[in-house]
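J.: Below is a structure I'd like to ask you about.
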């Protein structure tokens, strides 16, 4: 029998964390709106475009906490829809567990170099369980991870200025750079991740499927 995954009940979190996370989201969403304005027709992102919904990616514990909170709220508003998300997540976990480069019981990714290299080739064809296959929309859109919120516009990362391959077609490097998105200039996210990890006792990154596969439990 699979060991129960250690999760933290989102609604048990301190109000301060929810308030700070709401501030973070407001900052990022404002940055996205400004970048969208500057980008104009070069930014192809819209509902139904699922380019960023295919392929497993790492999420931090703040993202995981927010996703589970979103699923709790969805369950209260639309239990059937929430259950469909969980069913898709459980199916994804079943497919991904055999080669998961981490602790499959907790869903936490290993930090060693070999695991990081394996993750680069892991689950690249896996569809996000939060994606509704009928509508092409995200069932947890308001609670989506930061990676989802900044995908599309030009954003600086370790590899330089990255942009979705569907966006900015025909634009010059200078035009792309002029639309760069700076989502979190004061690095509020890092502070909140540290706070969540300290309170939950769970450190490290995970993936969306493990966040949503089972109902959270109070600590």
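The values are calculated or read from the model by the stated rules, or taken from the named source; none is laboratory data. Just so we're clear, the structure is a prediction, and the values are computed from it rather than from any experiment. All Cβ positions, even for glycine, are placed from backbone atoms using ideal geometry, and neighbour counts span all protein chains on display.
J.: Across the stretch 51-87, what is the total count of residues that are farther than 25 Å from residue 203 by Cα and at pLDDT 95 or above?
T.: 12
J.: I've got another one for you. Being closer than 30 Å to residue 106 by Cβ and touching a residue at least 12 places away in the same chain (Cβ under 8 Å) is the filter here, so list the residues in the stretch 149-190 that pass it.
T.: Correct list: 149, 150, 151, 155, 183, 184, 188, 189.
J.: Say whether the condition of being within 30 Å of residue 28 (Cα to Cα), assigned to a strand (DSSP E or B) and touching a strand residue (DSSP E or B) at 6+ places or on another chain (Cβ under 9 Å) is met by at least one residue in the stretch 95-102.
T.: Yes, the stretch 95-102 contains at least one residue that is within 30 Å of residue 28 (Cα to Cα), assigned to a strand (DSSP E or B) and touching a strand residue (DSSP E or B) at 6+ places or on another chain (Cβ under 9 Å).
J.: Also, I was wondering about something else. Quick one: which of 174, 165, 134 is under 30 Å from residue 29 (Cα atoms) and assigned to a helix (DSSP H, G or I)?
T.: Of the residues listed, the single one that is under 30 Å from residue 29 (Cα atoms) and assigned to a helix (DSSP H, G or I) is 174.
J.: Given the conditions (1) surrounded by fewer than 17 Cβ atoms within 10 Å (Cβ to Cβ); (2) part of a loop (DSSP other than H, G, I, E, B); (3) at pLDDT 90 or above, report the number of the one that residue 48 does not fulfil.
T.: (3)
J.: Also: When you go through (1) under 14 Å from residue 167 (Cβ atoms); (2) at pLDDT 85 or above; (3) in a loop (DSSP other than H, G, I, E, B) one by one for residue 36, which number turns out not to apply?
T.: For residue 36, the exception is condition (3).
J.: Given the condition buried (at least 21 other Cβ atoms within 10 Å of the Cβ), part of a helix (DSSP H, G or I) and touching a strand residue (DSSP E or B) at 6+ places or on another chain (Cβ under 7 Å), answer yes or no: does some residue in the stretch 58-66 qualify?
T.: yes
J.: Report, by residue number, each residue of the stretch 179-218 that is touching a helix residue (DSSP H, G or I) at 6+ places or on another chain (Cβ under 7 Å) and part of a loop (DSSP other than H, G, I, E, B).
T.: 179, 181, 182, 183, 184, 202, 203, 213, 216, 218
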